[in-house]
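Accompanying notes for the structure given below.
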Amino acid sequence: MNTKVQSKIPWIVVGLLFVVTALSFLDRQVLSMSIIRIKEDIAISDSDYSWITNGFIAGYAIMFTLGGVFIDKFGTKLGLALSLAIWTIASGLHSIAATVSAFVIFRFILGIGEGACFPGVIKGVIEWIPVQKRSLATGIAIGGSAIGAVIAPLMAVYLLDSIGWRLMFLVTPAISLVWIGFWLYYNNKKNSVYKVQQLNVEPDKPVKKYSFKAVLKNKNAWTFIGMRMLFDPIFYFLMFWIPKFMSESRGISLELIGKLFWIPFLVLGVSNILGGFLSDKLFTKTQSINKARKILMGIAAVLTFSVLFIPSVDSAYGVIALISLFFFAHGIWITNYSTAVGDVFGSKATSTMFGLTGTFGAVSAFIVNRGIGYVVTNYSYDPLWLWAGLMYPLAFVALLVFIPKIKKIETFE
C-alpha cells in the first residue's frame, strides 16, 4: 500500500469506528420499536420489558470493564472483531425467541458482545489520531451510534410490515460480518507502523507494567465513574422507553413514531461531531484541554433542562422537539466527556477506564430501570422528566469540584 493511500488510513479507521458504533445502536434500538409488535405474539408486561432491557444492561455492565481491560492488553484489532462477532450471533438469536426468558438471555449475550465496543472505539481514536484532531475524531466515531439509532425506527417500521419481527433480527448480522472483514484488512501491522512513524501516536501493542489497581486508586477515575452513574440511566431511559411513552401516554401511532423517532438521534449524531469540532477549535485557540472540554460540557448541561417541559406538551412534534434538544446537548456532552477520559488516562488505560465508567453507568441504569418500570406502572412518566433534567448539571458540578484541571496522568505504577 503506497504512502498516499496510507495517509488516509487513520480516517478510514475512524470511519470504520463510526460504522461499528452505528451497528451497536442499530442492534440494541431495534427492540424498542419492535416490542410493540412482539407483544402481539408474546405476552410481555411493562415489568417483563424492564427485565428484558435489564438483560442487555447486565451483560453490557459486565463486559464493559472486562472488554476494556482485554482491549488495553491485546489491542483494538482483535478486541473489536471478537466483540462484534459475539453480538452478531446474539442479534440473530432474537429471531427464535418465544418467551420472556429467551429475550432476557439473548439481550444479555448482546450486552456481552457490545460491552467492549465503546472502550475499543475510544482507544482506537487515541491510537490513530493526534491530540489536535482527537475530539473531532471522537465525535465522528461515537456519532455513528446516533446514525444507527436513526436507521433503527425507519428500518423497523418497514421490516415489521414486510417480513415480520423475527426475520428483521437477521438483517443486521449480515452487515456486521462485512464490517469485520474491512476492520481486519485496514487495521494491520503495516498500517500500524505508518501511524506510529507519521502521526506521532502510540503503537497498538500490549501495555507493560499496567496496573488495574492503580487506576482504581486514582481519584479522577472515581469522578468520571460517579458522573456516568448520574447521566447514563437517563440515556438508557430515552432509548428504551420513549416509543412506549409516546404510544401509551400520548396515544401516538407506531407509524408516526417511526416517522419521528429518528430525528433526535440524527440531531445527536450531528452534535457528536459538532461538539468534537468546537472542542478542537477551542483547544487550538486557548491551548487548554481543560477549557476546551469544560466550556462545552457546561453549555450542554444547561441545555438538558429541556426535558423538564415534556409533561406540559401533548403533541408528538412537541415531544420530539424537546427530546431532540436534549439529545443535542447529550451529543456535545458525551463527546467531550469521552475525550476527557482519553485526555486524562492516555493510551495506557483509556479502554480500561472507559470500560469502568460504562460498567458503573450500566449498573446504575440496571437499578434505575427497575424503578422506571415501577413508576410508570403505578404513577406516570412525569417524575422521570424532572429526574432527567437535573442529573447532567449535577454531574458537571462534580467535574468542576473533583477534577479542577483536565490533564494527562503520566504513570500508573
Task: Residue list for the range 199-236, restricted to those being in a helix (DSSP H, G or I) and modelled with pLDDT under 55 - done: Leu199
Task: Residue list for the range 367-381, filter: closer than 25 Å to Leu66 by Cβ and surrounded by fewer than 16 Cβ atoms within 10 Å (Cβ to Cβ) - done: Ile367, Arg370
- [ ] Of all residues in the range 237-248, count the ones that are at pLDDT 85 or above and either hydroxyl-bearing (Ser, Thr, Tyr) or over 16 Å from Asp382 (Cα atoms) (or both).
- [x] 1
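Quick one: would you say Ser364 is under 20 Å from Ile129 (Cβ atoms), at pLDDT below 95 and either buried (at least 22 other Cβ atoms within 10 Å of the Cβ) or polar (S, T, N, Q) (or both)? Show your work before the answer.
Numbers: under 20 Å from Ile129 (Cβ atoms): no; at pLDDT below 95: yes; either buried (at least 22 other Cβ atoms within 10 Å of the Cβ) or polar (S, T, N, Q) (or both): yes.
When the stated conditions are applied, Ser364 does not pass them.
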Task: Conditions (1) surrounded by 17 or more Cβ atoms within 10 Å (Cβ to Cβ); (2) closer than 15 Å to Gly139 by Cβ; number of the one not met by Ile252 - done: (2)
- [ ] Of the conditions (1) modelled with pLDDT under 90; (2) closer than 22 Å to Phe182 by Cα; (3) of a type outside the set (Phe, Trp, Tyr), Ser95 clears all except one; give me its number.
- [x] (2)
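Is it the case, given these coordinates, that Ile35 is part of a helix (DSSP H, G or I) and under 20 Å from the mean Cα position of the chain (by Cα)? Spell out the reasoning first.
Values: part of a helix (DSSP H, G or I): yes; under 20 Å from the mean Cα position of the chain (by Cα): no.
So Ile35 fails the test.
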Task: Matching residues, the range 152-190, being in contact with a helix residue (DSSP H, G or I) (Cβ under 6 Å, 6 or more places away or on another chain) and under 25 Å from Leu260 (Cβ atoms) - done: Ala152, Pro153, Leu154, Ala156, Val157, Leu159, Leu160, Trp165, Met168, Phe169, Thr172
Open item on the list: Tell me the residue from Ala102, Ala58 that is assigned to a helix (DSSP H, G or I) and either touching a Phe, Trp or Tyr at 6+ places or on another chain (Cβ under 6 Å) or crowded, with 17+ Cβ neighbours inside 10 Å (or both), please.
Closed with: Ala58
Open item on the list: Report every pair of residues separated by at least 6 positions or lying on different chains whose Cβ atoms are under 9 Å apart, first residue within the range 157-183 and within 19 Å of Thr88 (Cα to Cα), second of a type in the set (Asp, Glu) and at pLDDT below 85.
Closed with: Phe169/Asp27; Thr172/Asp27; Pro173/Asp27; Ser176/Asp27
Task: the range 7-41 - residue that is out of contact with any helix residue (DSSP H, G or I) (no Cβ under 7 Å at 6 or more places or on another chain) and of a type in the set (A, V, I, L, M, F, W, C) and, of those, surrounded by the most Cβ atoms within 10 Å (Cβ to Cβ) - done: Leu31
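Is it the case that Ala362 is among the hydrophobic types (A, V, I, L, M, F, W, C) and over 15 Å from Met227 (Cβ atoms)? Don't jump to the end; show me each part of the working.
On the way: among the hydrophobic types (A, V, I, L, M, F, W, C): yes; over 15 Å from Met227 (Cβ atoms): no.
So Ala362 fails the test.
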Task: Answer residue from the range 255-264, given it is under 23 Å from the mean Cα position of the chain (by Cα) and at pLDDT 85 or above and is surrounded by the most Cβ atoms within 10 Å (Cβ to Cβ) among those - done: Pro264
Open item on the list: Among (1) in contact with a Leu (Cβ under 9 Å, 6 or more places away or on another chain); (2) more than 20 Å from Val20 (Cβ to Cβ), there is one condition Val104 misses while meeting the rest; what is its number?
Closed with: (1)
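Taking the options Leu384, Leu399, Leu394, Leu356, name whichever one is surrounded by fewer than 21 Cβ atoms within 10 Å (Cβ to Cβ), in a helix (DSSP H, G or I) and in contact (Cβ under 8 Å) with a residue 12 or more places away in the chain.
On the way: Leu384 fails: surrounded by fewer than 21 Cβ atoms within 10 Å (Cβ to Cβ); Leu399 fails: surrounded by fewer than 21 Cβ atoms within 10 Å (Cβ to Cβ); Leu356 fails: surrounded by fewer than 21 Cβ atoms within 10 Å (Cβ to Cβ).
The match here is Leu394.
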Open item on the list: Among the listed residues Ile310, Ile295, identify the single one that is β-branched (Val, Ile, Thr) and under 17 Å from Ile403 (Cβ atoms).
Closed with: Ile295
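So which residues in the range 291-324 are more than 14 Å from Leu238 (Cα to Cα), under 23 Å from the mean Cα position of the chain (by Cα) and either assigned to a loop (DSSP other than H, G, I, E, B) or in contact (Cβ under 8 Å) with a residue 40 or more places away in the chain (or both), if there are any at all?
From the range 291-324, those more than 14 Å from Leu238 (Cα to Cα) are 291-303, 305, 309, 311-318; that's our starting set.
From the residues that got through so far, the ones that are under 23 Å from the mean Cα position of the chain (by Cα) too are 292-303, 305.
Listed by number, the residues that qualify are Ala292, Arg293, Lys294, Leu296, Met297, Gly298, Ala300, Ala301, Val302, Phe305.
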- [ ] For the range 214-228, name all the residues that are within 11 Å of Leu356 (Cβ to Cβ), of a type in the set (A, V, I, L, M, F, W, C) and buried (at least 18 other Cβ atoms within 10 Å of the Cβ).
- [x] Val215, Ala221, Phe224, Ile225
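The values are calculated or read from the model by the stated rules, or taken from the named source; none is laboratory data. Just so it is clear, the structure is predicted and the values come from calculations on it, not from any experiment. Every residue, glycine as well, gets a Cβ built from its backbone with ideal geometry; the counts of neighbours run over all protein chains shown.
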